[in-house]
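Okay, so here's the structure we're looking at.
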Amino acid sequence: MALYNLQIKWLKSTETITLDTLALPEQGSVINTSEVWPGKNSPLCYQVEVLRVAQKGSIYTFILRYDESANVDLAGVNVAWGQSTVVLDLSEDTPSATATWKNWPADAYYDGEAERVGVTQEPSLLSDLINIDSSGLTPTEKEILVAARIGQGKFRSTVISAWKIGEVCCLTGIDIPELLIASHIKPWCESNDDERRDPANGLILATHVDKLFDKHLLSFKPREDDYVVVLSPRVRAVAEELGINNAKTINAKRLGSAESHFSAYMQGHHKRFLEKVINDGFPQPPL
C-alpha cells in the first residue's frame, strides 16, 4: 500500500486525486485536487475538505466536499460545487476505484457515478530497494540511490500539494505519473535536511524537462507575477520541438508565503544556468 493516483472521468471533466494509504488525510483536513475542463488551457485546482475517511480491510472510502467559499480564486469560473464519495479498492491484485457525485445546489443533471476511474500506483519502494541492492553498484552508489528513492515519494506528494495544480508537469501539462519527477531546484546532494524536504525547493517536471533543468540547460527567471522559462541556446531548437520555449511560465504565487523560499532556490539555479551558458561558449545570456 502506498501512493495512488485516481483519474476520475466525470460528466464534463476529468479530475485527478492523489491518495496516500500510508498517511490517510484526517477528517476536517484539506487536500488539493485538479480538474481538466473543456476549453480550459490548464487544470483547475480545488481546495477540498475531507468530510470522512473510512477503512475496511483493503477498501478505503473518502467523502470530499467542494465548497465555493474555500475556492475564491475560482470565482466566476464554470465549475461544479458539491460532494463526492470515492472508494478505493485494493483487495484484488489490480487496484480499482469508483466515484459518485452529489451536486450543490441540487442539480440532478450532474449527480451520479463517474464514467470511469483510472488508478495508477507509484512504484513499490520495497521492490525498488531490492533492485538497487542486487544491482552490482558500489556501496556508496547504493547508499545514494536508496536515500534518494526513500525521499522521493514523500517529497513528491508535498510538492504536488504545495503547487496546487495536481500531479502534472508544470510546463508541459503532461499528467502521466510514470513520466513525472519531483525535481529539486537546489540539488539534493547540496541541500541540508530541511531543504531536501522543503516543497518550495521542488517542481513536478516531465522526465525530459527534468533532465534539462537538472543539467542547468533550462531555468526560470522572475517576470512580473510569473517565472518565465529561459533556455540555453545550445538546446533551444530541440526544446522548442518538444513544446518548451521561452514564453512558458509558472505562477509561484500558488505557494503563498513559501514563494520567498522558491525565489531564493531559483536565484541560485538561474545563476548556475547563466554560468553554464557562458562556459558553453555563448557570451551573451539569453533574454
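The values are calculated or read from the model by the stated rules, or taken from the named source; none is laboratory data. Computed from a predicted model, the values in this text were never measured in an experiment. Note: ideal-geometry Cβ built from the backbone for every residue, glycine included; neighbour counts use all protein chains shown. We work out accessible area using only protein heavy atoms, side chains counted, and drop any ligands, DNA or RNA first. Shrake-Rupley method; radii C 1.70, N 1.55, O 1.52, S 1.80 Å.
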Is there any pair with a first residue in segment 113-137 that is modelled with pLDDT of 75 or more and a second that is assigned to a helix (DSSP H, G or I) and open to solvent by less than 60 Å² (accessible area, probe 1.4 Å) whose Cβ atoms are under 8 Å apart and which are 6 or more apart or on different chains, and what are they?
T120/P177
Taking only segment 1-17 into account, find how many residues are part of a strand (DSSP E or B) and either open to solvent by less than 40 Å² (accessible area, probe 1.4 Å) or more than 19 Å from Q47 (Cβ to Cβ) (or both).
10
Search result, residues across segment 267-287 that are at pLDDT below 90, open to solvent by less than 70 Å² (accessible area, probe 1.4 Å) and either under 21 Å from E195 (Cβ atoms) or part of a loop (DSSP other than H, G, I, E, B) (or both)
D280, G281, F282, P285, P286
In segment 32-58, what residues are within 24 Å of T172 (Cβ to Cβ) and buried (at least 16 other Cβ atoms within 10 Å of the Cβ)?
N32, T33, S34, E35, V36, W37, P43, L44, C45, Y46
What is the number of the single condition among (1) open to solvent by 60 Å² or more (accessible area, probe 1.4 Å); (2) out of contact with any Gly (no Cβ under 8 Å at 6 or more places or on another chain); (3) more than 26 Å from Q121 (Cβ to Cβ) that S219 does not meet?
(1)
Considering R254, R223, R196, R236, which residue is touching a His at 6+ places or on another chain (Cβ under 8 Å) and charged (D, E, K, R)?
R196
Restricting the search to segment 181-214, which residues are hydrophobic (A, V, I, L, M, F, W, C) and either under 21 Å from W37 (Cβ atoms) or open to solvent by 60 Å² or more (accessible area, probe 1.4 Å) (or both)?
W188, C189, I204
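With A264, A237, A258 as the choices, which residue is out of contact with any strand residue (DSSP E or B) (no Cβ under 8 Å at 6 or more places or on another chain), in contact (Cβ under 8 Å) with a residue 24 or more places away in the chain and part of a helix (DSSP H, G or I)?
Of the residues listed, the single one that is out of contact with any strand residue (DSSP E or B) (no Cβ under 8 Å at 6 or more places or on another chain), in contact (Cβ under 8 Å) with a residue 24 or more places away in the chain and part of a helix (DSSP H, G or I) is A258.
Matching residues to (1) hydrophobic (A, V, I, L, M, F, W, C); (2) modelled with pLDDT of 90 or more:
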{"position": "F213", "(1), (2)": "yes, yes"}
{"position": "S219", "(1), (2)": "no, yes"}
{"position": "S232", "(1), (2)": "no, yes"}
{"position": "L242", "(1), (2)": "yes, no"}
Which number in (1) under 14 Å from the mean Cα position of the chain (by Cα); (2) surrounded by 18 or more Cβ atoms within 10 Å (Cβ to Cβ) marks the one condition that Y66 misses?
(1)
Condition check for V159: surrounded by 18 or more Cβ atoms within 10 Å (Cβ to Cβ), among the β-branched types (V, I, T) and part of a strand (DSSP E or B):
no
